[in-house]
1. Taking every pair of alpha-carbon atoms in region 233-377, what share in percent sits in each 5 Å bin, from 0 to the bin with the longest distance?
2. Determine the share of region 444-514's accessible area contributed by carbon and sulfur atoms, expressed in whole percent, with a 1.4 angstrom probe.
3. Along Cα→Cβ, 7 Å out, is where each label goes; now give me the distance between the ones at MET126 and LYS431 in nm to one decimal.
4. Let's test the formula: R0 of 30 Å, r as the Cβ-Cβ distance of GLU155 and LYS542. What FRET efficiency results, to the nearest 0.05?
5. Per 10 Å bin, what percent of the C-alpha pairs of region 336-474 does each bin hold, from zero upward?
6. I need the calculated FRET efficiency for the pair GLU512 and ASP195, taking r as the beta carbon distance and R₀ as 51 Å, to the nearest 0.05.
7. Mind checking the full-extension length gain between ALA87 and VAL457? Use 0.36 nm per residue of separation minus the Cα-Cα distance, one decimal, nm.
8. Give, in nm to one decimal, the length gained when the segment between LYS277 and LYS381 is fully stretched (0.36 nm per residue of separation minus the Cα-Cα distance).
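The values are calculated or read from the model by the stated rules, or taken from the named source; none is laboratory data. None of these values were measured; they are calculated from a predicted model. Here Cβ is always computed from backbone atoms with ideal geometry, including for glycine, and neighbour counts include all displayed protein chains. Note: accessible area is taken over every heavy atom of the protein model, side chains too, but ligands, DNA and RNA are not part of it. Shrake-Rupley method; radii C 1.70, N 1.55, O 1.52, S 1.80 Å.
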Amino acid sequence: MASLQTPITPATGTTTKSFSSSFTQNVSSWPLFSNSSKKCAIKSLKHKVTCNSGSSDHNLDRRDILLGLGGLAGAVNLTSVPSVGAAPLAAPDISKCGTTAMSGFRPGESTPTGGDCCPPNANQIMDFVFPKDQAFKVRPAAHLLSPKYIAKFNEAIKRMKELPADDPRNFLQQAHIHCAYCNGAYTQSSSGFPDIEIQIHNSWLFFPFHRWYLYFYERILGSLIDDPTFALPFWNWDTPAGMTIPYYFNDSKSALFDSKRNQAHLKGVVDLGYNGKDSDTTDLDKVKNNLAIMYRQMVTNATDPTAFFGGEYRAGIEPISGGGSVEQSPHTPVHRWVGDPRETNGENLGNFYSAGRDTLFYCHHSNVDRMWSLWKMLGGKHKDITDPDWLNASFVFYDENKNLVRVYVKDCLFTNQLGYDYQRVDVPWLKSKPVPRAPKSGIAKKLVGKVAKAPDVTFPVKLDKIVKVLVPRPKKSRSKKEKEEKEELLIIQGITYDSEKYVKFDVYVNDEDDDASAPDQTEFAGSFAQLPHKHKGKSQSKTNFRAGLTELLEELEADDDDNVLVTVVPRSGSEDITIDAIKIIYA
């Protein structure tokens, strides 16, 4: 059995094996570690992209550049979308950043340095302008880095940590950015709602915020080592060979090291469905479950923009409509799996306020960002949102020159415009479709009278034990055309939970046993998971969950059934969760 900790330098035709011969990863010959500086002048998405690589020019067809960015179908110029009559969330006024009461934790607990997480103020805000002739970067898989690249990465982080404490590019100041945006420190005062906080998780802002965040973080690192081609590695936890923390993060002498990580997980296989406690699952089973979770969250539960990105979040409202499939899992469980259980709040990666203090956070989110690119390759309805309120939402970040810069969602839709792409590696989860544990129809029918129907249940229901309910289907035996036009969705509404805890529950469909199916089986519909965070003046949050049913019911031979048996299994922090409704809709 090959060790997953062995560093591998990418090379044409290289194949690495782990766990068993059934799991392989093909490393592409994508030019990654060129000695020359590769620059691309992107004149127009309607033309070719001219790249200068030292002594010779290469003309890359725009189809090659857009591969992984939604394909040609998504190649439209959205920068001119009007905002008339729209209500997009505006970038916060950082001079009004909150204090300990908003962003810290209880007295005596591990709190952000200084009592809050507000970055330095600035006298002027600049609107972002795409750099001319920006160097084109290729983000590499973290487990495939060469020793030379690891050293470069380490040096960049080292220099960031050595910057003066009040420098907005300083390592801790950069971590404060994430804390301020997700822990109640900012309000919507710029949008005219000073009493409503800004939260960039659990809504359609999750992906664009983190894309911009990494963009500036990456540019700062590159500038500190005078290498404009430097690219953030991505922690490739969606392929077997990358499902452990890359070995060089565990070197206590390295700038990449963080002592606040779960010591039992430093060399173990990551659990993309982590419940807050370790199970006795074998490594091989973990890999199978991880790949199945990826398929479920990237394919079955991400059938349209709302399912993938998350629900609407406009000025004047709170993000209660629900996070997207990938944000729920694997994003959130990976955070908690790395976080240190010895710490009061699961610091560092296990809590939103402190997550940015672990260098692994940026590699984790680099792979999350990669999922956005991969998702758009799947075709069909896998396209960016076109709502002006999403496109015109804005954020502010500090750039590599210490300027406070305002950016818009509409300008980050294509990674090639931002000057980067991802190393081409195998995507094994596309062939890891879950299989039914007990493929048969009529399960829900025989339970009528034994299990309550949703309309007969008195909601809200507390999730301090397993909840089983029969949910009526508004329509059954839909035609192929009907299924293509609208997805059948399971909706769990009004999930109220303690936002200061790690909370998670799993959802199963037509699984009559209390010993619920594993993620690699079709009966597993998905997970709801939330990382601990603070809110302004409250400790409870409310949101929704959705899962795709069309493919599941076909696989379970239940497409003609009148009802669906839904089982909700509490996993972590669920004793404080209540649910307002469980229903099925078509959208």
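1. Values per bin, smallest distances first: 2, 9, 19, 21, 20, 15, 8, 4, 1, 0.
2. Carbon and sulfur: 49 percent of the exposed surface of region 444-514.
3. Going from the MET126 label point to the LYS431 one covers 4.8 nm.
4. On the way: r = 45 Å, r/R0 = 1.50.
It comes to 0.10.
5. Going out from 0 Å in 10 Å bins, region 336-474 shows 8, 19, 23, 27, 17, 4, 1 percent.
6. 0.60
7. The ALA87-VAL457 span can extend by a further 129.5 nm.
8. Numbers: separation 104, 0.36 × 104 = 37.44 nm, distance 3.62 nm.
Contour length minus the Cα-Cα distance gives 33.8 nm.
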